[in-house]
Each structure stands twice: as C-alpha cells, then as structure tokens.
C-alpha cells in the first residue's frame, strides 16, 4: 500500500493498494526456465534408458508450473487506486489498467470494517455512501486493512 499527497493541498490524497508481489516477473521466468531445463534433462535421460513414460508426466508438470506462475503474475498486477479530491472520492481498480471506476461524494462517505462470522475469514473494509457499498483492500493482510481504515478515517 502506497499513500501520498497530490495536487494543490492537504485535502488531496492518492492511495495505491496492491498485493505483495514477493516474486517479480523476471525471477519467476528465470525459475521456470531453470526448472524446465533440469526437468527436460532428467526426462531425456530416463527416455534413453527406456523409461519413456517419464516424458509426458514431465511435460504435465511443466505445464502446471507455468500455469501457476502465469496466474500468480496476473494477480500481482492488480491495483486499486483511491483518489481523494476536494469533494470527490474515486476508486479505480483493475489488472494493469483501470477496469472499474466508482465515484463517491466525499462528505457522505463512510469507512466501515465488517467483521467476518468466522475467525478463518478476513474482515472486509467497505466504503459506504447512499446505500452503495464497495469493498476495498481485499488483497491486504488484516493488519494492513485496519491501518488503511484508520488512514482513510483520518483523511476523510
């Protein structure tokens, strides 16, 4: 989560919410390449010794690893940008580029934390105004979500 002021005063804020990308894309593809070379070498050695059935399973393992890495890298590109301007609060969210944009009037906006019914599920941070509710910060940890709620209450 990144936060900062922009524009012409202390009333304007921008908060960027993103998941913790612990494995950057270049490192992910380097890991995949090294794993593919090692697995292909082992599969060829077994193939030469007559255990040809190893090769299709090695291919399936590589396909599963590649699919998992693609899924993780896509999730790492998710962003929620909360722009707080004079009388307007705008939330843009999407993967790489904004795919959804919601606007609220700042004077009527409330920040609510909804506790889950079970201890195993995380709480939900909601922006509520005029009967409309929008969840934000679903990719954050519980502590980060509480910190964001406190920051939003302070800024709004």
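Just so you know, all these numbers are worked out from the coordinates, no wet-lab data involved. All figures in this text were calculated on a predicted structure; none of them were measured in a lab. No Cβ is skipped: glycine too gets one built from the backbone with ideal geometry, and neighbour counts run over all protein chains shown.
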Write out, first by first residue and then by second, each pair whose Cβ atoms fall under 8 Å of each other, whose residues are 6+ apart or on separate chains, and whose first residue, in the stretch 121-138, is on the phi > 0 side of the Ramachandran plot and touching a residue at least 24 places away in the same chain (Cβ under 8 Å) while the second is surrounded by 15 or more Cβ atoms within 10 Å (Cβ to Cβ) and assigned to a strand (DSSP E or B). 137/17; 137/80; 137/125
Determine, yes or no, whether residue 80 is under 22 Å from the mean Cα position of the chain (by Cα) and surrounded by 11 or more Cβ atoms within 10 Å (Cβ to Cβ). yes
Every residue from the stretch 35-81 that is without any contact (Cβ under 8 Å) to a residue 24 or more places away in the chain and closer than 30 Å to residue 127 by Cβ: 71, 74, 77
If you take the residues of the stretch 143-154 that are surrounded by fewer than 17 Cβ atoms within 10 Å (Cβ to Cβ) and within 20 Å of the chain's Cα centre (by Cα), which of them is nearest to residue 78 (Cα to Cα)? 144
In the stretch 114-142, residues that are within 20 Å of the chain's Cα centre (by Cα), surrounded by 14 or more Cβ atoms within 10 Å (Cβ to Cβ) and in a strand (DSSP E or B) total 6
In the stretch 35-58, what count of residues is obtained for those that are surrounded by 14 or more Cβ atoms within 10 Å (Cβ to Cβ) and under 24 Å from residue 69 (Cα atoms)? 8
